[in-house]
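In what follows, a structure is listed as structure tokens, so that the remarks can point back to it.
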Amino acid sequence: MSATLTLADFAWKNVWRRRMRTCLTLCGIGMGIAAFVALVGFSHGFEQAWLKMYESAGTDIDVVQKTFMATTVAESAGPILQALPEVAQASPVIVNMMDVTADINAIVFGFRDDSFDLDAMKLVAGRRFHGDDAEVMLGQLLADNLAKKPGDTVDIQGTTFKVVGVYTGGSAIEAGALVMPLAQMQQLASMQGKVTAFHVKLKPAAKGESTDDWMHKAEAAIQAATPELRAVPANERASSNQLVVLAHAAAIGTSAIALLVGAMGIANTMAMSVFERTKEIGVLRALGWPARRVMGLILVEAAGLGISGGLVGILGGWGALRLMSVIPATKNIASASLPPAILAEALAVAVLVGLAAGFVPAWRAARLSPVEAMRYE
Amino acid sequence: MSDSLLEVQDLRKSYEDGQIQALVGVDLKVAAGDYVSISGASGSGKSTLLQLLGGLDRPTSGKVLFKGANLGVDVDLDTYRSNSVGFVFQAFYLLASLRAVENVQVPWVGTKIPGKERAERAEALMVEMGLSHRMKNYPSQLSAGERQRVAIARSLANNPEVLLADEPTGNLDSVNSAKIMDILTGLQAKRGMTLIVITHEDSIAEAAPRHIRMRDGRIVA
């Protein structure tokens, strides 16, 4: 029994007639999708790492500056927050990215030595730093990268610090980070009297009171006590963190450009394909195909190119993420995790790009008069 | 209401803003089951007439009636071509990327006809054309005569009432020409279809029970 010819079969055979052109088109859209998957996956992993960091430390609320660009908070807000009945501890923190060698940069945290954030960092070697001495603790990933252990030194922006401890953190961010006394960080970053934020741990909710209600109450109290600042629940803070927002924006912006190039590849391929098949399209119309079915065929071809390129791109993007999670420059902050939602998004984007790119050629094909198309040389 | 299957009334077709007059007032009636040949020199308007009869184009003025309904006005042209007309062309116009039996299925692609039925009907048409051994071949692997037979099978896909053949033997040698004409006339007799054949060849033209001659966009005999 012969096989049935379906619209999808027909579309596939049309696309595969020009193998080289199809392969090049798939590469184009594949690169766009790979960029999307890698960059969005990277920024997603970055956001998840921040969230995990807050969760592992037990941070309930992040108190930050209201504006986006001016990201420093007066250190004097600390005692005001600490005095609130809802607050167990308000820990000042500075976060920055710094060069720890000529080739390696890392996230650097500045904490007080009694900060609850340090409790989540499990020492695997050495000890915590004391007071404001020029001492640092290294996340295990960073320590391996730098080949440093307790007793060694690191130079950061011209200041020599003694490595006193190596820790494992709850997230990739902590594991690849460096931690130093707050006062040292303020000196390096010229932020005397200022911090990036306060990590706030709340006291337990009263019996019978829901966590959400307690959280809202605490937010309101903090807001009232420090009206110039913003109290953000930790789970929201992970997504609104300036670094995460910038990472997302850069990911979307860069991959949009790559996708545009891929889309133009599909549009060109479909336009050429319709042009070459003008006579054939006339024959389809003569055989009774309505214009919308012709348009449907071209759109199925374009969507097929999008999906195929998308699958190629997903594989490439995942590979790029894997690579970023092992190379020294990015392994401290990159995670190779790729949630299904991002894969689904990538495939949806690939299909939409294919359809959008194929629309004009499809519409033009549908408008061809049968007799003019069949006369075309 | 006309008792003709196809009728044209004062049919005119011009191109290039009237500079080229392909048909200049043609009147014709074709009854159901008729076998009509149309001949004439190049540029006489015979292909244009066939295209209008087949709903491939619209007239500049005049009417083309199918069972009394005005094509393009009372009857959608796509529906007419899909349900009532089959075409056979001089150049065959098979799709190079599809196997022979797949070419026969092209009229059904994207319709609601179940896949199994499509495959069975296509096979049956190929067998009817004597091409059971050529089902999986591509057009490039078929002889000219075999390609035209595949095209005829394809034209029968929707059980048309009218079969329009534009120079069906134009690219064939005399032996294959005779075979193809035998097939077409055999189908016409067996299925009771209306067959209209455009031809340059006198022998084919005069073999039809009704032979129309055209010159300069008019029927002259």
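Suppose we filter the range B:86-105 for residues that are hydrophobic (A, V, I, L, M, F, W, C), touching a Leu at 6+ places or on another chain (Cβ under 6 Å) and within 8 Å of another protein chain (Cβ to nearest Cβ); how many remain?
Here the count works out to 1.
Please find, within the range A:240-257, the residue that is modelled with the lowest pLDDT out of those that are among the small types (Gly, Ala, Ser) and open to solvent by less than 30 Å² (accessible area, probe 1.4 Å). Even if it seems obvious, please write down each step before you answer.
Going residue by residue through the range A:240-257, those that are among the small types (Gly, Ala, Ser) are A:240, A:247, A:249-251, A:253, A:255-256.
Applying the additional criterion that residues be open to solvent by less than 30 Å² (accessible area, probe 1.4 Å) yields A:247, A:251, A:255.
Values: A:Ala247: 81, A:Ala251: 87, A:Ser255: 86.
The selected residue is A:Ala247.
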When the range A:70-120 is checked residue by residue, the ones that are touching a residue at least 12 places away in the same chain (Cβ under 8 Å), in a loop (DSSP other than H, G, I, E, B) and among the charged types (D, E, K, R) are A:Glu75, A:Glu86, A:Asp103, A:Arg112, A:Asp113
Original post:
Is it fair to say A:Ala231 is within 30 Å of A:Gly45 (Cα to Cα), within 31 Å of the chain's Cα centre (by Cα) and not hydroxyl-bearing (Ser, Thr, Tyr)?
Top reply: yes
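Within the range B:176-196, does at least one residue satisfy the condition of being open to solvent by 70 Å² or more (accessible area, probe 1.4 Å), out of contact with any helix residue (DSSP H, G or I) (no Cβ under 9 Å at 6 or more places or on another chain), among the small types (Gly, Ala, Ser) and within 14 Å of chain A (Cβ to nearest Cβ)?
no
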Scanning the range A:210-233 residue by residue, those of a type in the set (Gly, Ala, Ser), part of a helix (DSSP H, G or I) and in contact with a strand residue (DSSP E or B) (Cβ under 6 Å, 6 or more places away or on another chain) turn out to be A:Ala218
Sole miss for A:Phe46 among (1) under 32 Å from the mean Cα position of the chain (by Cα); (2) free of Cβ contacts under 8 Å to residues at least 60 places away in the same chain is condition (2)
Pairs returned, first residue in the range A:287-306 that is facing chain B (nearest Cβ under 9 Å), second residue that is surrounded by fewer than 23 Cβ atoms within 10 Å (Cβ to Cβ) and outside any helix (DSSP H, G or I), beta-carbon separation under 6 angstrom, 6 or more apart or interchain, are A:Arg293/B:Gly110
Within the range B:57-91, residues surrounded by fewer than 17 Cβ atoms within 10 Å (Cβ to Cβ), closer than 24 Å to B:Ala157 by Cβ and hydroxyl-bearing (Ser, Thr, Tyr) come out as B:Thr79
The condition from (1) modelled with pLDDT of 90 or more; (2) over 18 Å from A:Asp103 (Cα atoms) that A:Asp119 misses is numbered (1)
Here is a check on your reading of the model: is B:Gly62 facing another protein chain (nearest Cβ under 10 Å) and out of contact with any helix residue (DSSP H, G or I) (no Cβ under 6 Å at 6 or more places or on another chain)? no
Yes or no: B:Glu123 more than 7 Å from chain A (Cβ to nearest Cβ) and more than 27 Å from A:Glu276 (Cα to Cα)? no
**Asked** Is the range B:20-43 home to any residue that is surrounded by 15 or more Cβ atoms within 10 Å (Cβ to Cβ), more than 28 Å from B:Ala151 (Cα to Cα), more than 14 Å from chain A (Cβ to nearest Cβ) and polar (S, T, N, Q)?
**Response** yes
**Request:** May I ask you to verify whether B:Gln141 is open to solvent by less than 20 Å² (accessible area, probe 1.4 Å) and either within 8 Å of another protein chain (Cβ to nearest Cβ) or farther than 21 Å from A:Leu284 by Cβ (or both)?
**Result:** no
Of the residues in the range A:171-205, those that are of a type in the set (S, T, N, Q), in contact with a Gly (Cβ under 8 Å, 6 or more places away or on another chain) and over 28 Å from A:Ala225 (Cβ atoms) come to A:Gln184
- Query: Can we say A:Ser190 is under 35 Å from the mean Cα position of the chain (by Cα), more than 14 Å from chain B (Cβ to nearest Cβ) and open to solvent by 40 Å² or more (accessible area, probe 1.4 Å)?
  - Reply: yes
Residue pairs qualifying under the 7 Å Cβ cut-off, at least six apart or on distinct chains, with the first in the range A:5-17 being at the interface with chain B (Cβ under 9 Å from one of its Cβ atoms) and the second being surrounded by fewer than 15 Cβ atoms within 10 Å (Cβ to Cβ) and not β-branched (Val, Ile, Thr), are A:Thr6/B:Gly115
Within the range B:130-149, residues of a type in the set (A, V, I, L, M, F, W, C) and over 12 Å from B:Ala91 (Cα atoms) come out as B:Leu131, B:Met135, B:Leu142
Going through (1) modelled with pLDDT under 90; (2) of a type outside the set (S, T, N, Q); (3) in contact with a helix residue (DSSP H, G or I) (Cβ under 7 Å, 6 or more places away or on another chain) one by one, A:Asp132 fails only at (1)
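Just checking, which of B:Thr60, B:Thr111, B:Thr48 is without any contact (Cβ under 8 Å) to a residue 12 or more places away in the chain and either at negative phi or not small (Gly, Ala, Ser) (or both)? Walk me through how you get there before you give the answer.
On the way: B:Thr60 fails: without any contact (Cβ under 8 Å) to a residue 12 or more places away in the chain; B:Thr48 fails: without any contact (Cβ under 8 Å) to a residue 12 or more places away in the chain.
On inspection, the qualifying residue turns out to be B:Thr111.
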Restricting attention to the range A:261-283, does a residue exist that is within 14 Å of chain B (Cβ to nearest Cβ), aliphatic (A, V, I, L, M) and open to solvent by less than 30 Å² (accessible area, probe 1.4 Å)? yes
If we take the range A:122-185, then strands (runs of 3 or more DSSP E) inside it with 1 or more residues that are open to solvent by less than 30 Å² (accessible area, probe 1.4 Å) and without any contact (Cβ under 8 Å) to a residue 40 or more places away in the chain are A:159-168
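The values are calculated or read from the model by the stated rules, or taken from the named source; none is laboratory data. Predicted, not measured: the structure shown is a model, and the values here were computed from it. Every residue, glycine among them, receives a Cβ derived from its backbone with ideal geometry; neighbour counts consider all protein chains shown. What goes into the accessible areas is simple: the full protein's heavy atoms, side chains included, and nothing from ligands, DNA or RNA. Shrake-Rupley method; radii C 1.70, N 1.55, O 1.52, S 1.80 Å.
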